[in-house]
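The structure under discussion appears below in the form of structure tokens.
The values are calculated or read from the model by the stated rules, or taken from the named source; none is laboratory data. Quantities reported herein were computed from a predicted structural model and do not represent experimental measurements. With ideal geometry, Cβ positions are generated from the backbone for all residues, glycine too; neighbour counts draw on all protein chains shown.
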Amino acid sequence: MAKQSPIQVIAVTGGKGGVGKSNLSVNVAVSMAQAGKRVLVFDGDLGLANIDVLLGISAQRTIADVLDGQCDLKEVMVEGPEGIKIIPASSGTARLANMGAIEHAGIIHAFSDIADSLDVLIIDTAAGISSNVTSFVQAAQEAVLVVCDEPTSVTDAYALIKLLNRDCRLDRFNIVANMVRTDQEGKSLFNKLVKVTERFLDVNLHYLGDIPQDEVVRKSVQRQKAVVTAYPSSKAALAYKSIAKKMMLFPVPSGPRGHMEFFVERLVGATAA
């Protein structure tokens, strides 16, 4: 039997809302698809869906239908730009926003049914530090935190790192500085976060780069298009593509880590092979 290759699983998060997580998730996904990867974006903001809205996609079914046993994940998937696939969330559903551990485990396990059609899974998490966020980040292989130059963004990112480190034993985080005026501002923002984490936590932060403040991002949102397809030569698009390249080089784990994670049977298979 052919050895099944592990699937890259990347959670995009940030603590605070409005820092650009969903824009990063969508544009990185499209950039990876342009590079030949089979990419799925899972809208992990279960109670306040926005990926389908961001791309102007009309979703007939959502993850809520899977949880209710009305359909499976394959039936929920919709196609986005450059052939990316999207699992939409539901809007205004308090039950989904406050799911328990068993339901989280059910969602994570359900993804195994679509493993053969994927190279990369990107989870766009909700804002905040709820169990909806922490369980999906812990179940991923890499955490990408988006921060912007606001005191609340840095504070909330630190709070999320602290929680994930203390409760989920995660010690490696990738940082993207968003909406910066210069590269130097992005590095300075990253250094602020490094300074505070070094003082109080035993974690390793890795800087993936920055996304510049660019009017085309707002225009793309209004047009319900990805920046990398609507304005491919813009500064923001080039930055998204650069970050996507770095994310594609994330190492895939050689075996399971002993907690609930996406596509764990692939990791067990990789170890046994």
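Okay, here's what the table says:
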| quantity | calculated |
| --- | --- |
| Residue tally, condition closer than 14 Å to Met260 by Cβ, more than 16 Å from the chain's Cα centre (by Cα) and among the hydrophobic types (A, V, I, L, M, F, W, C), over region 98-140 | 5 |
| Hey, Ser31 of a type in the set (Ser, Thr, Tyr) and crowded, with 22+ Cβ neighbours inside 10 Å or not | yes |
| So Lys225, is it closer than 23 Å to Ala244 by Cβ, in a loop (DSSP other than H, G, I, E, B) and in contact with a helix residue (DSSP H, G or I) (Cβ under 8 Å, 6 or more places away or on another chain) | yes |
| Test set (1) of a type in the set (S, T, N, Q); (2) under 30 Å from Leu164 (Cα atoms); (3) in a loop (DSSP other than H, G, I, E, B) - Asn27 fails condition number | (3) |
| Complete set of residues in region 109-125 that are buried (at least 22 other Cβ atoms within 10 Å of the Cβ) and in contact with a Ser or Thr (Cβ under 9 Å, 6 or more places away or on another chain) | Ile122, Ile123, Asp124, Thr125 |
| Neighbours by Cβ (under 8 Å, 6+ apart or cross-chain): first from region 204-225, over 17 Å from Ser31 (Cβ atoms); second among the aromatic types (Phe, Trp, Tyr) and modelled with pLDDT of 95 or more | Asn204/Phe173; Leu205/Phe173; Leu205/Phe190; His206/Phe173; Tyr207/Phe190; Lys219/Tyr231 |
| Enumeration of residues in region 233-255 that are part of a helix (DSSP H, G or I) and over 21 Å from the mean Cα position of the chain (by Cα) | Lys235 |
| Count of region 163-188 residues which are part of a helix (DSSP H, G or I) and closer than 21 Å to Ile10 by Cβ | 6 |
| Evaluation of Gly258 against (1) modelled with pLDDT under 95; (2) not in a loop (DSSP other than H, G, I, E, B) (one fails), failing number | (2) |
| Positions within region 43-54 being touching a helix residue (DSSP H, G or I) at 6+ places or on another chain (Cβ under 7 Å), closer than 15 Å to Ser25 by Cα and surrounded by 21 or more Cβ atoms within 10 Å (Cβ to Cβ), in sequence order | Asp43, Gly44, Ile51, Leu54 |
| Unique residue being closer than 30 Å to Met179 by Cα and of a type in the set (Gly, Ala, Ser) when the list is Gly69, Gly100, Gly106, Gly20 | Gly20 |
| Contacts under 8 angstrom Cβ, first residue in region 178-196 being farther than 18 Å from Ile243 by Cβ, partner β-branched (Val, Ile, Thr) and surrounded by 12 or more Cβ atoms within 10 Å (Cβ to Cβ), 6 or more apart | Lys192/Val154; Val196/Val154 |
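A quick yes/no check of all residues on (1) among the acidic types (Asp, Glu); (2) part of a loop (DSSP other than H, G, I, E, B); (3) surrounded by fewer than 21 Cβ atoms within 10 Å (Cβ to Cβ):
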{"residue": "Gly69", "(1), (2), (3)": "no, yes, yes"}
{"residue": "Glu75", "(1), (2), (3)": "yes, no, yes"}
{"residue": "Met99", "(1), (2), (3)": "no, yes, yes"}
{"residue": "Ile107", "(1), (2), (3)": "no, no, no"}
{"residue": "Ala143", "(1), (2), (3)": "no, no, no"}
{"residue": "Val146", "(1), (2), (3)": "no, no, no"}
{"residue": "Ala159", "(1), (2), (3)": "no, no, yes"}
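Residue-wise test of (1) buried (at least 17 other Cβ atoms within 10 Å of the Cβ); (2) within 18 Å of the chain's Cα centre (by Cα); (3) at positive phi.
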residue	(1), (2), (3)
Phe173	yes, yes, no
Lys187	no, no, no
Val194	no, no, no
Asp202	no, no, no
His206	no, yes, no
Gln222	no, no, no
Val227	yes, yes, no
Tyr231	yes, no, no
Met260	no, yes, no
